[in-house]
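Here's the structure we're looking at; comments come further down.
The values are calculated or read from the model by the stated rules, or taken from the named source; none is laboratory data. Model, not experiment: these values are computed from the prediction. Note that we place each Cβ from the backbone using ideal geometry, even for glycine, and neighbour counts take in every protein chain shown. For the accessible areas, the whole protein counts, side chains as well, though only heavy atoms, and no ligand, DNA or RNA atoms are used. Shrake-Rupley method; radii C 1.70, N 1.55, O 1.52, S 1.80 Å.
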Amino acid sequence: MAAALAAASIVFKDNKAYSQKLVHGAKTLFKFSRDQRGRYSAGSSEAAIFYNSTSYWDEFVWGGAWMYYATGNSSYLQLATTPGLAKHAGAFWGGPDYGVFSWDNKLPGAQVLLSRLRLFLSPGYPYEEILRTFHNQTSIVMCSYLPIFTTFNRTKGGLIQLNHGRPQPLQYVVNAAFLATLYSDYLEAADTPGWYCGPNFYSTDVLREFAKTQIDYILGKNPQKMSYVVGFGNHYPKHVHHRGASIPKNKIKYNCKGGWKWRDTSKANPNTIDGAMVAGPDKHDGFRDVRSNYNYTEPTLAGNAGLVAALVALSGEKNIGIDKNTIFSAVPPMFPTPPPPPAPWKP
């Protein structure tokens, strides 16, 4: 939450009062998270069943990076670049979910975000060593997204299996498409035509191509010829697992369980939830448009956030490039300005 408020404060920086309010909220929340450490889903909470949090270390790297960009206060950068924190967040080991950006793993996003700092401001000592590590790790993650490497399988239709064949794949796919396009923009802006995967050099175009094929799949270029974004194209899910979309607007108030009869009906949703991306197909490109199976038809905020980010990143001409500086508006100069020359000497 602190990361979200901090990022928003940069977006709205021209509205000073509102921007400062956002920064204040972010600082307060971030302090709370440092003082009251623990996983929100610990114990036997409902959250643990649906949105379990594996750890909070990645959150501190992610939150710390955004707090630094929003405030320019170097104590946040010191925290985000603490090697112990990165280690606990999983920055130095593989594991099946390495490089998979999601609500439970902010590390890949944080590493891209901090690579931006190294590429454009190169802060040097004492941050350089860990920033170089993050930059290298980001390069490795980008390599893992390419079809040439076999880190992740693909379905016959070409969808990357970032969650290794488990259900609800699309939210991970859109996040990867976003990060890949963003990273290619960073490299372009730094006048770097590509990056190395082992001995081989790959052009930034390969990253955009990866993102494009994945988003095209989601928008209908798949074996089902199904658009997984509601309201887009001619053929999209009509039984979306969503209360507002499935309960008719008839001035009758239903209690919590009263909505279940609408969940369980085979009729199409009375309301079209335009723009919602559903959970997605299974590992064989199969899809069942049934409301009761949320593994196929559930839309999520996490998924739609990634979809919008990926679409924005891919839209427009490649040569427009990114705005290198606004994100660093609050960051003070990395190196102090040299003192003015002494006054001319008078005998």
Whole-Å semi-axes of the range 1-101's equivalent ellipsoid (Cα gyration tensor)
26, 17, 12
So I have [x] 59, 49, 41; [y] 62, 43, 38; [z] 97, 48, 38, and one of them is Cα extents along the principal axes in Å calculated from this model. Which one is it?
[z]
With respect to the cross-link table entries K106/K221; K87/K324; K87/K156, which display a Cα-Cα separation exceeding 31 Å?
K87/K156
At a 1.4 Å probe, what is the % contribution of carbon and sulfur to the accessible area of the range 1-89?
58 percent
Exposure of L307 as accessible area (Å², to 10), given a probe of 1.4 Å and all protein chains:
10 Å²
Which ³J(HN,Hα) values, rounded to whole Hz and listed in residue order, are derived for the range 82-87 from phi using the Karplus coefficients 6.51, -1.76 and 1.60 in 6.51 cos²θ - 1.76 cosθ + 1.60 with θ = phi - 60°, glycine and proline given as x?
6, x, x, 5, 4, 4
Using a 1.4 angstrom probe on heavy atoms only, work out the carbon and sulfur share of the accessible area of the range 160-289 in %.
54 percent
Given a 1.4 angstrom probe, what's the average accessible area per residue across the range 152-325, in square angstrom?
52 Å²
For the chain, what is the calculated [θ] at 222 nm in deg cm²/dmol (nearest 500), taking -39500 (n - 2.57) for each run of four or more DSSP H residues and dividing by its residue count?
-14000 deg cm²/dmol
In debye to the nearest 20, how big a dipole does the chain give about its Cα centre with +1 on each Lys and Arg Cβ and -1 on each Asp and Glu Cβ?
1140 debye
What lysines does K261 reach when the alpha-carbon gap must be under 19 Å and sequence neighbours fewer than 8 apart in one chain are set aside?
K238, K249, K251, K253
To the nearest 10 degrees, how steeply does helix 2-11 sit against the main Cα axis of the chain, on a 0 to 90 scale?
70 degrees
Amide H neighbours of C197 under 5 Å, counting only residues 5+ apart in sequence or on other chains, H built in-plane at 1.01 Å?
Y202
What is the mean projected area of the alpha carbon convex hull for the range 153-299, to one decimal in square nanometres?
10.9 nm²
In the range 239-347, the chymotrypsin sites (Phe, Trp or Tyr not before Pro) that sit in a DSSP loop and have at most 16 other Cβ atoms within 10 Å of their own Cβ are Y254, W345
